[in-house]
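Participant: Below: one structure in structure tokens.
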């Protein structure tokens, strides 16, 4: 697909996914997440042509202007939307599918010092919440969600919702949405609550036995 039609899609994606967006003109001039994606498309084009220094320099300017760092070798799909975007980092070997939404503070990072695939691959229609870190060369399946401030260090199945540190899958999909990550239950927190309740029951039983034994 040619570059300019793809840019039009990126602008339209912001209009569709951000209720605060009032006009195409506003998106073009006032959305750093859109600016970052557009500049990355040019940088990636230069990178594929073997113009590595100009590509890196353009990505550096992109970072300076938007607060979003995307390595020019990273592959972004169609209609990727970075909402607000400040602090987003996308590493060299990261691959981002179509219709993906990333909120501010997201990191698609690596865990290896070798020149190999070391950053994650996001499938189509993935949503990554504010401050989440996805670290490693694994895949986050299509139509999955990563809760805000989660740390993902293992593959995520398609149509899953993961939350926590480290991130774990939650079965509470009914309340999950791209905008209401506060409604997603943390499976680790649920287990801790269960254990605390069991401890309370056991303490009561021990106290009853002590009273009986007097």
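Participant: Taking a spot 7 Å from the Cα of residue 75 along the direction of its beta carbon, which residues of the range 113-140 have an amide N less than 11 Å from it?
Facilitator: 121-122
Participant: Another one. Going by Cα centres, the range 147-169 and the range 75-135 are how many Å apart?
Facilitator: Value for the Cα centre distance between the two parts: 14 Å.
Participant: Starting from the Cα of residue 16, step 7 Å toward the Cβ, then list every residue of the range 103-144 with an amide N under 13 Å from that point.
Facilitator: Correct set: 125-126.
Participant: Counting other C-beta atoms within 10 Å, which of 92, 203 has the fewest, and how do the rest follow?
Facilitator: Numbers: 92 15, 203 10.
The most exposed by this proxy come first: 203, 92.
Participant: If you don't mind, there's one more thing I want to ask. Helix 187-213 sits at what angle to the longest principal axis of the chain, using alpha carbons and giving 0 to 90 degrees rounded to 10?
Facilitator: 10
Participant: I've got another one for you. Sorted by average packing, counted as other Cβ atoms within 10 angstrom per residue and highest first, what order do 2-12, 152-162 take? Provide the component values of the computation, followed by the final result.
Facilitator: Details: 2-12: 13.6, 152-162: 18.2.
Ranked from most to least packed, the peptides come out as 152-162, 2-12.
Participant: Something else: Helix 3-17 against the longest principal axis of the chain: what's the angle in degrees, Cα atoms only, rounded to the nearest 10?
Facilitator: Helix 3-17 sits roughly 40 degrees off the main axis of the chain.
Participant: Per DSSP helix of 4 or more residues, -39500 (n - 2.57); summed, then divided by the residues of the chain. What does that give at 222 nm, rounded to the nearest 500?
Facilitator: Values: 5 runs with 81 residues, N = 214.
That calculation yields -12500 deg cm²/dmol at 222 nm.
Participant: Let me ask another. Fewest to most neighbouring Cβ within 10 Å: what's the order for 206, 27?
Facilitator: Values: 206 10, 27 20.
So the residues, fewest neighbours to most, are 206, 27.
Participant: Taking Rg/Rh (Cα atoms, Kirkwood Rh) as the quantity of interest, determine which of (1) 0.95; (2) 1.09; (3) 1.15 was computed from the displayed structure.
Facilitator: Computed from the coordinates, Rg/Rh (Cα atoms, Kirkwood Rh) corresponds to (3).
Participant: Follow-up question, since we're still on this one. In degrees between 0 and 90, to the nearest 10, how far off the longest principal axis of the chain does helix 32-48 point, with axes built from Cα atoms?
Facilitator: 60
Participant: Can I ask one more? Which whole-number percent gives the relative contact order of the range 22-125, counting Cα pairs below 8 Å spaced six or more residues apart?
Facilitator: Over the range 22-125, the number comes to 21 percent.
Participant: Moving to a separate point now. For Cα pairs less than 8 Å apart in space and 6+ apart in sequence, what is the mean separation divided by the residue count of the range 3-183, i.e. the relative contact order in percent? Write down the numbers at each step before the final one.
Facilitator: Details: 444 pairs, mean separation 21.8, N = 181.
Contact order relative to length: 12 percent.
Participant: Taking every DSSP beta bridge with both residues inside the chain, roughly what % is antiparallel (nearest 5)? Mind showing how you got there, number by number?
Facilitator: Values: 2 of 27 bridges.
Just about 5 percent of them are antiparallel.
Participant: Measure off 7 Å from each Cα along the Cα-to-Cβ vector at residue 53 and residue 165, then give the distance between these two points in nanometres to one decimal.
Facilitator: Result for the modelled spin labels: 4.1 nm.
Read-outs throughout are calculated quantities, based only on the coordinates presented, and are distinct from any laboratory measurement. A quick note: this is a predicted structure, and the numbers were derived from the prediction, not measured. Positions of Cβ are generated from backbone atoms using ideal geometry, with glycine treated the same way; all protein chains shown enter the neighbour counts.
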